[in-house]
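Trainee: Starting off with a structure, shown below.
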């Protein structure tokens, strides 16, 4: 499983990626939509874990940008907003089926990843 | 007047809610980072139990990262506490430069979302006025929001609190696209009501890329 983590909290993205690699997942990370799109120029991923609230381009818009290049990719959203109605409305508009609330439980995240990647 | 008071109260509640939501999001992020760092420590311990040695330098770095996040969380909560206490009394003696620092801290996430940096130019001493600090913060936020909306290519808004002949002023500088609006565009009903309540004035100087909030020595 090769995944891309995108979160403007650099330490969160880096540490979470390290923990996923310890568990055998090929995890890469970026701190902005721009950096994520640069990575996608040279790499392909099965799944992206996207923070919803990011400066300039948020996670929901980034999903649309990625999907225009790679329609097969799956997505999980992470948010600091709990069960915010705004987020749920926005997420349903872009078809965000999977999302988790920070702080994350890594086992729950991996379970969601496996679920999202089921054919 | 009653209608104005109602509007000030309603707007104040919305402002308070907006800032609380932003601060809670920041705290969630701090907790999320600490959670991952603690999780990584646990991972290292589990690996050590299976015979893989732990690098002490890596552990030291992780402990330092956790301490830094705790300091960050403390700064956020301290700012929130000061913000909450700004509503303690209808009128207080305050240092405008301290309120400006507080506003800049509260605005951090909103500024980042717009790709704008808010710089604070600190005066040599305190800039003391008597005012309604919470209502003033609401007005300062409206001005800053406006300034950020018209930030130019350098994406910086600079704030400077100063003493003035009749009281104090807060300058919002380096608003490079202020020229795009013929007369500035702040005077909404709400900003007018807040200005009237605080006996404040907002002036625009597009040539100097500047908006100024003028405050009386005793207002609010």
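Trainee: If a residue has to be surrounded by 16 or more Cβ atoms within 10 Å (Cβ to Cβ) and more than 14 Å from chain B (Cβ to nearest Cβ) to count, how many in region A:24-38 make the cut?
Mentor: Residues in region A:24-38 being surrounded by 16 or more Cβ atoms within 10 Å (Cβ to Cβ) and more than 14 Å from chain B (Cβ to nearest Cβ): 4 in total.
Trainee: Any idea how many residues of region A:39-49 are within 21 Å of residue B:29 (Cα to Cα) and more than 14 Å from chain B (Cβ to nearest Cβ)? Give the derivation first.
Mentor: Restricting attention to region A:39-49, the residues satisfying the condition of being within 21 Å of residue B:29 (Cα to Cα) are A:48-49.
Within this subset, residues satisfying the condition of being more than 14 Å from chain B (Cβ to nearest Cβ) are A:48.
Of the residues in region A:39-49, 1 are within 21 Å of residue B:29 (Cα to Cα) and more than 14 Å from chain B (Cβ to nearest Cβ).
Trainee: Based on this model, can you work out whether residue B:39 counts as part of a helix (DSSP H, G or I) and away from every other protein chain (no Cβ under 12 Å)? Write out each step before concluding.
Mentor: On the way: part of a helix (DSSP H, G or I): yes; away from every other protein chain (no Cβ under 12 Å): no.
In short, no.
Trainee: For residues that are free of Cβ contacts under 8 Å to residues at least 40 places away in the same chain, over 24 Å from residue B:116 (Cα atoms) and surrounded by 15 or more Cβ atoms within 10 Å (Cβ to Cβ), scanning just region A:56-78, find the one that is farthest from the chain's Cα centre (by Cα).
Mentor: A:67
Trainee: Name the residues in region A:25-42 that are part of a loop (DSSP other than H, G, I, E, B) and touching a strand residue (DSSP E or B) at 6+ places or on another chain (Cβ under 7 Å), would you?
Mentor: A:25
Trainee: Name the residues in region B:106-120 that are surrounded by fewer than 19 Cβ atoms within 10 Å (Cβ to Cβ) and either under 14 Å from residue B:25 (Cα atoms) or within 13 Å of chain A (Cβ to nearest Cβ) (or both), would you? Walk me through it before giving the result.
Mentor: Within region B:106-120, the subset surrounded by fewer than 19 Cβ atoms within 10 Å (Cβ to Cβ) is B:108-110, B:112-115, B:117, B:119-120.
Passing the criteria: B:108, B:109, B:110, B:112, B:113, B:114, B:115, B:117.
Trainee: Can you name every residue in region B:77-97 that is surrounded by fewer than 16 Cβ atoms within 10 Å (Cβ to Cβ) and under 13 Å from residue B:136 (Cβ atoms)?
Mentor: Within region B:77-97, B:87, B:89, B:90, B:91, B:93 qualify.
Trainee: Taking the stated definitions as given, is residue B:23 at negative phi, surrounded by 15 or more Cβ atoms within 10 Å (Cβ to Cβ) and more than 8 Å from chain A (Cβ to nearest Cβ)? Even if it seems obvious, please write down each step before you answer.
Mentor: On the way: at negative phi: yes; surrounded by 15 or more Cβ atoms within 10 Å (Cβ to Cβ): yes; more than 8 Å from chain A (Cβ to nearest Cβ): yes.
So residue B:23 fits the description; yes.
Trainee: Kindly indicate whether residue B:148 is closer than 27 Å to residue B:9 by Cβ and not in a helix (DSSP H, G or I).
Mentor: Details: closer than 27 Å to residue B:9 by Cβ: yes; not in a helix (DSSP H, G or I): no.
So residue B:148 does not fit the description; no.
Trainee: Okay, next question. Yes or no: residue A:5 modelled with pLDDT under 95, within 14 Å of another protein chain (Cβ to nearest Cβ) and under 23 Å from residue A:118 (Cβ atoms)? Spell out how you get there, then give the answer.
Mentor: Details: modelled with pLDDT under 95: no; within 14 Å of another protein chain (Cβ to nearest Cβ): yes; under 23 Å from residue A:118 (Cβ atoms): yes.
No: the conditions fail for residue A:5.
Trainee: Collect the residues in region A:79-107 that are part of a helix (DSSP H, G or I), at pLDDT 70 or above and surrounded by 11 or more Cβ atoms within 10 Å (Cβ to Cβ), keeping them in residue-number order. Break it down stepwise before answering.
Mentor: So in region A:79-107, the residues part of a helix (DSSP H, G or I) come out as A:85-93, A:106-107.
Narrowing the set further to residues that are at pLDDT 70 or above leaves A:106-107.
A:106, the sole residue that qualifies.
Trainee: Among B:102, B:62, B:46, which is the only one that is part of a helix (DSSP H, G or I), crowded, with 16+ Cβ neighbours inside 10 Å and within 14 Å of chain A (Cβ to nearest Cβ)? Don't jump to the end; show me each part of the working.
Mentor: Numbers: B:102 fails: within 14 Å of chain A (Cβ to nearest Cβ); B:46 fails: crowded, with 16+ Cβ neighbours inside 10 Å.
The unique qualifying residue is B:62.
The values are calculated or read from the model by the stated rules, or taken from the named source; none is laboratory data. This structure is a prediction, so every number in the text was calculated from the model and none was measured. When we count neighbours, we look across all protein chains shown, and the Cβ atoms used for this are built from the backbone with ideal geometry, even at glycine.
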